[in-house]
Amino acid sequence: MTEKTAIITGGTGALGRVVTDNLSGKNIKVYIPALSMKEFSEVFDRSDKADSEEFKLKKIFSFECDVTDEKSVTEFVRNVAVQEKGKIDYLINIAGGIDNPCMIAELKTDSLLKMMNLNFMSAFYFSREVLKHMTENKFGRIISVGSKSATELTPSRFAYSYSKLGVIELMKTISEEYMQHNIRCNTIIPGIIDTPANREWGTEENIRDWTSPEDIAEIIYDLISDKFRSLRGSELKLYNSIK
């Protein structure tokens, strides 16, 4: 894993920052798209801990980028490629969001497009752009975060479910199309993720069935390593059955 480079979208979020810490702690250089450098610094600036015995220097960098904007994503990937001389090894698509529950008859077009842009188009833009470099290097690993709602019928969540279903199909297609280029894609399907925001409404009983960000981060690392080298285009379900 030495001298590898990763792009992690949504890297400043609750799950993204755990995945970033995990990969960067394993000697992987990480680039994160952020809406502002202030946002990035607030999450990852640890200069106040530089003198502590527990401090470990990690290679985490950022450029400003709107993950829903095609030109912004293209520029971001180009900047990373320039810095790394075209070497982009891993893409972790975590950026996304969920809308409010809504029946089809009340679903506004803007809401549907918002979910498609945030969840699907962001993953599509980044995947398309990094593939240009991965194919040249004959190596690449792309991991995306899907949703249980995309694999099981979830009333009142059509916009979210459909956008995440697109992510799953995107990973399957890339894995098949670029197999000969040593490029492998998989999708992680978490249930409810144990984040501070979710804990505000979850009960202790609920939380026991949730998926921890740390577990997801370890699975992502395993997937980009050679541990699961024969696993491609698969959906890994990381949630417990409701008791």
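Some observations on this one:
- Computed over Cα pairs, the Kirkwood radius of segment 108-210 leads via Stokes-Einstein (0.890 mPa s, 25 °C) to a diffusion coefficient of 162 µm² per second.
- Amide hydrogen proximity for T211: with H placed 1.01 Å from N in the peptide plane, the residues at 5 or more positions away or on another chain lying under 5 Å are G191, I192, I193, D194.
- Positive-end extreme of charge dipole, segment 4-238 - chosen from I224, I60, M116 (charges on Cβ): I224
- Burial ordering of M171, M103, fewest other beta-carbon atoms within 10 Å first: M103, M171
- Evaluated at q = 0.07 Å⁻¹: base-10 log I(q)/I(0), Debye formula over Cα of the chain: -0.23
- Here the Gaussian network model covers the chain, with springs between Cα atoms less than 10 Å apart; of A34, A81, A105, A105 fluctuates the most.
- Charge tally around S36: other residues with Cβ under 11 Å, Lys/Arg +1 each, Asp/Glu -1 each, net -3.
- Simple Cβ-charge dipole of the chain, Lys/Arg +1 and Asp/Glu -1, about Cα centre, in debye nearest 20: 740
- Taking the fewest neighbouring Cβ atoms within 10 Å as the starting point, the ordered list for R128, R184, R229 is R229, R128, R184.
- Unsatisfied cross-links (Cα-Cα over 23 Å) in the set K4/K58; K38/K71; K4/K138; K132/K227; K58/K172: K132/K227; K58/K172
- Exposure proxy ranking for E177, E204, based on other Cβ atoms within 10 angstrom of each Cβ and starting from the fewest, stands as E204, E177.
- Charge dipole (the chain, unit charges on Cβ, about Cα centre) - positive-most of A95, P190, M171: M171
- Other-chain or far-sequence residues with amide H under 5 Å of K4's (modelled H): K29
- Taking the chain as a Gaussian network of alpha-carbon nodes connected by springs under 10 Å, the highest mean-square fluctuation of the residues S36, S144, S163 belongs to S36.
- Within the chain, helix-based [θ] at 222 nm, where runs of 4 or more DSSP H residues each add -39,500 (n - 2.57), nearest 500: -12000 deg cm²/dmol
- Of L91, L112, L170, the residue with the greatest mean-square motion in the GNM of the chain, using alpha carbon springs below 10 Å, is L112.
- Volume in Å³ per residue [convex hull over Cα atoms, computed for segment 185-243]: 84
Every number here is computed from the coordinates shown, using simple stated rules; none is lab data. Just so you know, these numbers come straight off a predicted model, no measurement behind them. Using ideal geometry, Cβ is built from the backbone for each residue, glycine included, and neighbour counts are taken over all protein chains shown.
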